Amino acid sequence: MTAICSAFHKLFMDPSSRDPEIAHSHDPQDIAERLKKGPQVTYLRDWVLGGIDGAVTTFAVVAGVSGAELSTKIILILGAANLLADGFSMAAGNYSGIKAERDDYRRLRETELHHIALSPEGEREEIRQIFAAKGFEGEDLKRAVDIVTKHEERWVEVMIEEEYGAPKANKSPFAAGAATFGAFVICGAVPLLPFLFGAGASALLSAIIMTGVVFFGIGALKSKWSTAPWWSSGLETFLIGMTAAGAAYVTGALLKQWVGV
């Protein structure tokens, strides 16, 4: 337990874990090694999004069916169907989106290579104007253009980033989709556990408490990508999830009255 608390403090509360000025070494050799490795690819964002969506949608199903006062079997059947169908749908959407970004980057690369081959001077002029807009002038501008256009691959990368604003896509579509699906299933299964293990009349209350903890935890993790404090981000996600669940519960209760099930 002590180790878990220490890790949580380091991740969310320790200022050094959030301050970019002390997040890594500025020793020249360390900088060179870090830049040589390139940008770090992470799939935590995909995991967070999948976890939030899984917890929200499955809990909404549980709350809606409970509001309609239907049987535990129906809750489990609909919840499991939601986990598999919606989880796969979200993972497939994330996979397709990232694959489309990678395909688009390759298309832009081929386009720029074609332009350089057909009109090298025109492409050099584009580089000149790009760096002139950044404040380069005179001999500095000429030297910058010569350095960039000396190597074709560097030339193409600069054109793609500056002309199209497209960052180099390094994420694996499969890994991103797998992270999304895994988080969706793991977090989305939490609201179903009390019903699966026969918590009886307290099943809904247990599901609310357990899912609330998941919402808050995911929100706290999400704070790593924002300037908001961990507790604020956690509370925001908690309120969003509980609002969705409350709306589903009320909808189920109203439909029960109108339909008369």
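The values are calculated or read from the model by the stated rules, or taken from the named source; none is laboratory data. Quick caveat: nothing in here was measured; it's all calculated off a predicted structure. Positions of Cβ are backbone-derived with ideal geometry, glycine not excepted, and every protein chain shown enters the neighbour counts. The accessibility values were calculated without ligands, DNA or RNA, using every heavy atom of the protein model including side chains. Shrake-Rupley method; radii C 1.70, N 1.55, O 1.52, S 1.80 Å.
Brief remarks on what is shown
- All-pairs alpha carbon distance profile, the chain, 10 Å steps from 0, percent: 6, 20, 23, 20, 14, 10, 5, 1, 0
- Listed residues GLY79, ALA144, HIS114: farthest to the positive end of the dipole of the stretch 68-151 (Cβ charges): GLY79
- Estimated dipole of the stretch 23-148 in Debye, rounded to 20 [Cβ of Lys and Arg +1, of Asp and Glu -1, Cα centre]: 380 debye
- When nucleic acids and ligands are ignored and a 1.4 Å probe is applied, ARG45 ends up with an accessible area of around 130 Å².
- FRET efficiency, LEU239 to SER206 (Cβ-Cβ, R0 30 Å, nearest 0.05): 0.90
- Accessible-area rank, largest first, for LYS142, LYS224: LYS142, LYS224, with all protein chains present and a 1.4 angstrom probe.
- The shape of the stretch 151-211 comes out prolate: with a ≥ b ≥ c from the C-alpha gyration tensor, a/c is at least 1.5 and a/b beats b/c.
- Separation of the alpha carbons by more than 22 angstrom is noted, of LYS171/LYS222; LYS37/LYS222; LYS36/LYS171; LYS36/LYS150, for LYS37/LYS222.
- Counting only lysines at least 8 places from LYS73 when in the same chain, those with an alpha carbon closer than 21 Å to its own are LYS256.
- Degrees separating the helix 173-189 axis from the principal Cα axis of the chain, which is the longest one: 20 degrees
- Crossing angle, helix 230-255 versus the chain [Cα axis fit, 0-90 degrees, rounded to tens]: 50 degrees
- Taking the longest Cα principal axis of the chain as reference, the axis of helix 203-222 is set at about 10 degrees.
- About its Cα centre, the dipole of the chain is roughly 1080 debye, where the only charges are +1 on Lys and Arg Cβ and -1 on Asp and Glu Cβ.
- Sorting the Cα pairs of the stretch 134-261 by distance into bins of 10 Å, from 0 upward, gives 10, 21, 22, 15, 13, 10, 6, 2, 0 percent per bin.
- Residues of type lysines that LYS224 reaches as a straight line, Cα spacing below 18 Å, ignoring anything fewer than 8 places off in the same chain: LYS10
- Protection-proxy order for peptides 118-128, 94-104, each taking the mean of Cβ atoms within 10 Å per residue, highest first: 94-104, 118-128
- Net charge over other residues, Cβ less than 12 angstrom from the Cβ of GLY79 (K, R count +1; D, E count -1): 0
- Label point at ALA81 placed 7 Å out along Cα→Cβ; residues across the stretch 185-204 whose backbone nitrogen lies under 17 Å: 192
- Cβ-Cβ distance of GLU137 and ALA166, R₀ of 35 Å, FRET efficiency by 1/(1 + (r/R0)^6): the value works out to about 0.80.
- For the stretch 108-206, chymotrypsin sites (Phe, Trp or Tyr not before Pro) are listed when DSSP marks them as loop and at most 13 other Cβ atoms sit within 10 Å of their Cβ; the list is PHE197.
- Solvent exposure of the stretch 62-132 as accessible area per residue, Å², 1.4 Å probe: 56 Å²
- Charge dipole (debye, nearest 20) of the stretch 136-261; +1 at Cβ of Lys and Arg, -1 at Cβ of Asp and Glu: 860 debye
- Site pair GLU110 and ASP146 shows an inter-label distance of 3.5 nm when each label is modelled 7 Å from Cα along Cα→Cβ.
- Just the protein heavy atoms count here, and of the accessible area of the chain at 1.4 Å, carbon and sulfur take up 64 percent.
- The stretch 141-261: relative contact order as a whole-number percent, Cα under 8 Å and 6+ apart: 12 percent
- Residue-level accessible surface for TYR105, protein heavy atoms, 1.4 Å, Å²: 30 Å²
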